[in-house]
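*Asks:* For reference, the structure I am asking about is given below.
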Amino acid sequence: MKKNSDVKVLFMGTPEFCVPILESLIASYDVVGVVTQPDKEIGRHKELKASPVKECAVKNGILVLQPEKIRKDYQEVLNRKPDIIITCAYGQIIPKEILDYPKYGCINVHASLLPKYRGGAPMQRAIMNGEKETGITIMYMDEHMDTGNIIKMEKVPILDSDNLEKVHDKLSSLGKKLLMETLPSILDGTNESIAQDDSKATFAPVISREDEKIDFNKKAKEIYDHIRALSPFPGAYATLDGKIVKIYNAYVKEEFYTEKENGEIGKIYKDGLGVSCKDYEIVITDVKFEGKKRCFMKDYFNGNDGNKFLGKIFNKD
């Protein structure tokens with residue numbers, strides 16, 4: 001594809017999800033700057049870590065801006081004189097001064113079928129709620145969160161076997177494709193857009209630590225959806241004997257324990273721990289015990305006695 005150097009694009013984004021989109025823009029347009037979140041301290045040594053978007057921009061020689069608060073510190077963005085601004089999972093509300101500047105507007109790539117799942121965790125919330133489909137919405141930005149007019153939308157299925165990683169990869173690829181298909185019509189003024197129906201809006205707040213904890217008083221399918229919605233990161237968790245157990249995969253076994261307490265480990269299978277729930281049993285197969293490495297339960301059983309878990313109850317500490 002011939003690079004369009006007549007259109008100055010400024011990109012705003014932060015996580016790995018955005019990188020294929022940014023790479024496609026760099027290959028096809030004149031990207032005059034990238035705005036991303038400030039570097040974060042990670043690990044016990046608190047080493048500064050750049051966002052994946054920053055790493056991509058630096059690799060390609062693109063100017064990087066990292067304001068702490070874009071609402072107050074936006075002049076450098078305007079100084080780049082962008083013709084269009086494209087955002088994807090940036091992580092801050094964009095001020096009106098930026099929204100009103102580009103002649104082609106500010107475009108957002110959002111990982112849901114708007115107006116459903118407005119907010120910062122649309123993929124996680126869709127999986128957690130047992131949705132059968134999700135998608136990408138290309139939209140104009142306004143002063144509110146994910147409320148602007150819809151330009152284009154495309155769906156993808158959420159399979160029962162999909163976890164967050166799989167849905168993330170599907171939507172990241174789709175976001176790149178759909179944006180690159182849509183941009184030419186935005187730039188030549190031939191695109192259409194429609195207002196969102198606010199009465200159908202649902203919300204996807206950022207995942208909190210409390211959201212990560214599994215509630216075994218729920219139905220087994222709800223627990224399974226919860227686990228896969230947070231796998232592999234940050235990982236759903238429960239406590240056992242006062243210690244954190246991260247749970248990355250499981251499956252539902254339609255067997256009901258009338259005599260077992262919710263959260264109680266009632267059976268040991270070759271591949272996992274059978275745990276009683278509100279209706280059926282969920283078999284936990286992929287875990288990380290506190291202070292240990294992540295492992296499959298079938299491998300754990302090769303060197304450890306699984307029967308020691310019998311009768312223990314998750315979250316009863």
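*Asks:* Go over the candidates ASP146, ASP197, ASP162, ASP169 one by one and state the one that is under 13 Å from CYS106 (Cα atoms) and modelled with pLDDT of 95 or more.
*Replies:* None of the others qualify; the one that does is ASP146.
*Asks:* Could you list all residues from the range 179-194 that are within 24 Å of the chain's Cα centre (by Cα) and surrounded by 13 or more Cβ atoms within 10 Å (Cβ to Cβ)?
*Replies:* LEU179, MET180, THR182, LEU183
*Asks:* To continue, here is another question. If we only count strands (runs of 3 or more DSSP E) wholly inside the range 65-147, which ones have 3 or more residues that are surrounded by 15 or more Cβ atoms within 10 Å (Cβ to Cβ) and in contact (Cβ under 8 Å) with a residue 60 or more places away in the chain?
*Replies:* Output list reads 84-88.
*Asks:* Kindly indicate the residue of the range 277-289 that is more than 17 Å from GLY311 (Cβ to Cβ) and out of contact with any Ser or Thr (no Cβ under 9 Å at 6 or more places or on another chain) and also surrounded by the most Cβ atoms within 10 Å (Cβ to Cβ) among those meeting that condition.
*Replies:* Only one residue fits best here, namely VAL287.
*Asks:* Do we have LEU78 as modelled with pLDDT of 95 or more, in contact with an Asp or Glu (Cβ under 9 Å, 6 or more places away or on another chain) and not basic (Lys, Arg) here?
*Replies:* Yes: the conditions hold for LEU78.
*Asks:* Further question: Quick check, is GLY274 surrounded by fewer than 16 Cβ atoms within 10 Å (Cβ to Cβ) and either in the same structural domain as LYS293 (by TED's automatic domain parsing) or within 16 Å of ASP215 (Cα to Cα) (or both)?
*Replies:* In short, no.
*Asks:* Hey, another quick one. So, in the range 256-310, how many residues would count as being touching a helix residue (DSSP H, G or I) at 6+ places or on another chain (Cβ under 9 Å), outside any loop (DSSP other than H, G, I, E, B) and among the charged types (D, E, K, R)?
*Replies:* 2
The values are calculated or read from the model by the stated rules, or taken from the named source; none is laboratory data. Please read these numbers as outputs of a predicted model, since none were measured by experiment. Because the Cβ atoms are built from the backbone with ideal geometry, glycine has one as well, and the counts that use them run over all protein chains shown.
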